[in-house]
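The values are calculated or read from the model by the stated rules, or taken from the named source; none is laboratory data. The model shown is predicted, which means the values in this text are computed figures rather than measured ones. With ideal geometry, Cβ positions are generated from the backbone for all residues, glycine too; neighbour counts draw on all protein chains shown. We work out accessible area using only protein heavy atoms, side chains counted, and drop any ligands, DNA or RNA first. Shrake-Rupley method; radii C 1.70, N 1.55, O 1.52, S 1.80 Å.
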Amino acid sequence: MSATTGKSRRPSPSSREPLASSRPGMGAISHEAGTDFRVWAPNAKSVHVTGSFNNWADPGIPLVKEGEGLWSVAVDGLKDGEQYKFRLKSGKKVLLKVDPRARMIDPESGNGVIYRDSFDWQDHEWTPPYLHEAVIYELHVGTFSPGKKRGAGTFETVIRRLPYLKELGINAIELMPPTEFPGETSWGYNPCHPFAVEASYGGPDGLKTLIREAHKQGIAVLLDVVYNHFGPGDLDLWQFDGWSENEMGGIYFYNDERAETPWGHTRPDYGRHEVRQYLRDNALMWIEEFRADGLRMDAVSYIRRTKGNEHHESVDLAEGWQVLQWINKDLKQHSPRIISIAEDLGNNAALTAWVEDGGAGFDSQWDASFVHPVRAVLECPEDDVRDIGAMVAAIVPPDGSDAFRRVIYSESHDEVANGKQRMVSEIDPENPSSVWARRRAVQAAGVVLTSPGVPMLFQGQEFLEDGWFDDQNPLDWDKARRFRGIRLAYRDLIGLRRNLGGFSRGLTGQNVDVFHRDAENKVLAWHRWHEGGPRDSTVVILNLSNREHDFYELTLPAEGEWVVRFNADWTGYSSDFGDADLSCVEGRSGEIGHPSVVGGLKLPPYGLVVMSQD
């Protein structure tokens with residue numbers, strides 16, 4: 001939206017002479033000389049701004065009508081920190097509304113707060129990881145690291161845990177939505193003020209501090225954003241300027257059946273230019289001002305289709321697809337290193353196709369065809385019915401596509417709630433810390449971190465957090481000490497995935513070959529490589545049964561010595577593991593009856609072995 005040009009003189013808060021703003025921007029535009037306001041309210045007959053700066057005068061300072069539904073005013077001497085609202089007259093109605101672009105919300109009153117960006121980034125040089133090298137850790141600010149007396153977490157308490165995440169090997173964190181939500185706790189997927197950062201977490205400067213400090217630790221920060229719906233609670237956007245049709249949401253929303261989502265009748269009207277601009281500006285704000293390294297967009301299927309992926313009555317929303325394209329194109333224009341991830345769960349290849357080719361332009365998308373079979377196979381209580389074919393289908397990207405166009409995981413906030421629990425609780429509900437739950441939890445980590453794709457962990461997974469996720473119960477950090485060996489297993493697997501030791505480059509590559517499938521013994525093996533050869537080609541062997549093999553023979557990609565880089569049976573990971581003696585496997589060729597290179601090793605129950613050559 002463009003601003004009209006006003007005169008050079010500006011009224012003070014007490015002046016009665018309103019002048020339109022000459023500055024670009026929307027909302028409360030704070031600057032050295034004062035604050036300008038601009039708001040979109042095409043159906044209002046008049047708009048005023050009132051607040052703590054004029055003792056909440058009624059009606060307040062009038063805004064000047066600019067055209068195209070915009071109203072603005074420039075106010076000299078008005079500084080940041082003051083509370084404010086817009087008073088809109090529409091017919092016989094008088095509405096007192098929070099600015100749709102309010103950057104801060106006062107937690108006591110719910111009023112907007114004038115915010116001026118003066119954050120000190122301390123000129124820290126930072127380059128985010130490439131997508132094929134990223135290991136993502138999804139976390140919820142309110143429960144990840146509780147405050148004093150186990151109170152709700154904040155950005156500051158997350159900062160205290162950054163050294164822990166760095167030591168674990170994490171180089172990207174994904175924050176569940178940090179925007180303002182109603183009530184004291186929330187997952188964050190019910191945003192009521194999309195441009196404001198949740199005050200109880202630490203507000204906008206708190207989030208910027210977290211991002212700055214994460215970058216100092218070598219950790220990128222991705223933010224969850226919600227553009228498929230707003231609210232539905234405490235939603236000042238609802239009938240913002242008094243107009244609506246069919247008793248629906250007014251100018252920011254569809255006002256017909258397209259408004260319906262599983263979370264309320266609050267789907268934004270992607271067909272309105274002003275709403276599309278609102279969403280695009282929101283996405284760019286996190287990147288440009290907050291210096292986030294990327295975005296994960298929630299439930300994209302409800303942006304591009306009326307009822308998501310699977311409903312038989314669902315139809316395409318062409319204008320929703322166009323919004324996705326516009327946002328992603330502008331993100332890449334800001335920086336080609338910005339990471340854009342879709343949660344769509346429909347495995348639609350067009351989502352990660354280039355905008356120039358008609359795609360939506362995302363870099364990657366959450367892969368439901370990975371998480372569901374992996375969990376089903378590892379949670380299955382009977383070895384005999386464990387489906388190794390399903391595991392193979394999960395490991396190999398569909399249709400030979402770019403491996404890093406998918407985010408792979410065994411736990412996420414959705415997969416450990418809504419009737420589902422953490423994997424260890426699904427494996428052994430009576431004793432989630434049993435040896436078999438621990439063994440298969442390490443297997444899940446190994447499959448995620450050695451399969452082609454962008455691996456993602458969910459908070460606490462690395463120390464066997466059990467039960468289900470909700471927004472009121474913080475992580476039990478006592479488990480981090482109790483299961484420090486399991487944390488070490490995760491650290492070692494992450495180090496291999498990132499090739500930190502310089503001998504597992506293949507795990508950062510595109511290529512995979514599941515070269516061994518033993519349905520009878522439930523054993524799989526796959527080869528990962530970038531260019532191939534020593535310190536590149538990496539072999540993973542997975543035993544999906546409780547049976548131990550004293551000498552298990554299989555083909556190998558090359559002859560010579562294969563050094564064991566990871567053995568899930570090591571007692572350093574858990575004192576009651578078997579500690580199978582594994583150091584290297586000799587690949588031999590030319591043996592009678594074996595035209596290929598073969599090798600053999602002791603294979604522990606529920607074992608996972610990773611090997612490469614020097």
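Taking the conditions (1) within 24 Å of Ala102 (Cβ to Cβ); (2) surrounded by fewer than 22 Cβ atoms within 10 Å (Cβ to Cβ) in turn, Asp256 satisfies each one other than (1). Considering only residues in the stretch 455-476 that are in contact (Cβ under 8 Å) with a residue 60 or more places away in the chain and over 21 Å from Tyr189 (Cβ atoms), the one that is farthest from the chain's Cα centre (by Cα) turns out to be Glu462. The residues listed here are Ala318, Ala342, Ala403; of these, the one that is at pLDDT 95 or above and either over 19 Å from the mean Cα position of the chain (by Cα) or loosely packed, with under 15 Cβ neighbours inside 10 Å (or both) is Ala318. Identify, please: which residue in the stretch 82-94 is in contact (Cβ under 8 Å) with a residue 60 or more places away in the chain and touching a Phe, Trp or Tyr at 6+ places or on another chain (Cβ under 8 Å) and is, among those, least open to solvent (accessible area, probe 1.4 Å)? That would be Leu88.
The residue list Asn282, Asn228, Asn246, Asn309 contains one member that is of a type in the set (S, T, N, Q), open to solvent by 10 Å² or more (accessible area, probe 1.4 Å) and modelled with pLDDT of 95 or more, which is Asn246. Looking for something out of contact with any strand residue (DSSP E or B) (no Cβ under 8 Å at 6 or more places or on another chain) and acidic (Asp, Glu) - is there at least one such residue anywhere in the stretch 402-418? The answer is yes, given that some residue of the stretch 402-418 is out of contact with any strand residue (DSSP E or B) (no Cβ under 8 Å at 6 or more places or on another chain) and acidic (Asp, Glu).
With respect to the conditions (1) within 18 Å of Leu378 (Cα to Cα); (2) open to solvent by less than 60 Å² (accessible area, probe 1.4 Å), Trp562 lacks only one, and its number is (1). Against the conditions (1) outside any loop (DSSP other than H, G, I, E, B); (2) touching a Leu at 6+ places or on another chain (Cβ under 8 Å); (3) closer than 26 Å to Ser412 by Cα, Tyr302 satisfies every one except (2). Residue-level check: of (1) open to solvent by less than 10 Å² (accessible area, probe 1.4 Å); (2) touching a Pro at 6+ places or on another chain (Cβ under 9 Å); (3) β-branched (Val, Ile, Thr), Ile170 misses just (2). Residues in the stretch 100-117 that are out of contact with any Ser or Thr (no Cβ under 9 Å at 6 or more places or on another chain) and hydroxyl-bearing (Ser, Thr, Tyr): 1 in all. Quick check on the stretch 189-214: of everything there that is of a type in the set (Val, Ile, Thr) and assigned to a helix (DSSP H, G or I), which residue is least open to solvent (accessible area, probe 1.4 Å)? Among those residues, the one meeting the criterion is Ile211.
Within the stretch 53-80, the set of residues being among the small types (Gly, Ala, Ser), at negative phi and either surrounded by 16 or more Cβ atoms within 10 Å (Cβ to Cβ) or in a strand (DSSP E or B) (or both) comprises Ser72, Ala74.
Just give me the residues in the stretch 420-438 being open to solvent by 20 Å² or more (accessible area, probe 1.4 Å) and in a helix (DSSP H, G or I), in sequence order. Of everything in the stretch 420-438, those that are open to solvent by 20 Å² or more (accessible area, probe 1.4 Å) and in a helix (DSSP H, G or I) turn out to be Glu426, Ile427, Val435, Trp436, Arg438.
When the residues of the stretch 100-131 are filtered to those that are over 27 Å from Phe463 (Cβ atoms) and not in a loop (DSSP other than H, G, I, E, B), the one that is most open to solvent (accessible area, probe 1.4 Å) is Met104.
I'm trying to understand the selection: among the residues of the stretch 352-383, which are open to solvent by 20 Å² or more (accessible area, probe 1.4 Å) and aromatic (Phe, Trp, Tyr)? Selection gives Trp354 alone. The criterion of being open to solvent by less than 10 Å² (accessible area, probe 1.4 Å), within 26 Å of Gln325 (Cβ to Cβ), over 20 Å from the mean Cα position of the chain (by Cα) and of a type outside the set (Gly, Ala, Ser) holds for Leu237. Residues that are assigned to a loop (DSSP other than H, G, I, E, B) and in contact (Cβ under 8 Å) with a residue 24 or more places away in the chain: does the stretch 272-283 have at least one? Checked the stretch 272-283: no residue is assigned to a loop (DSSP other than H, G, I, E, B) and in contact (Cβ under 8 Å) with a residue 24 or more places away in the chain. Go through the residues of the stretch 355-374 one by one and say whether even a single one is at positive phi and under 16 Å from the mean Cα position of the chain (by Cα). There is no residue in the stretch 355-374 that is at positive phi and under 16 Å from the mean Cα position of the chain (by Cα).
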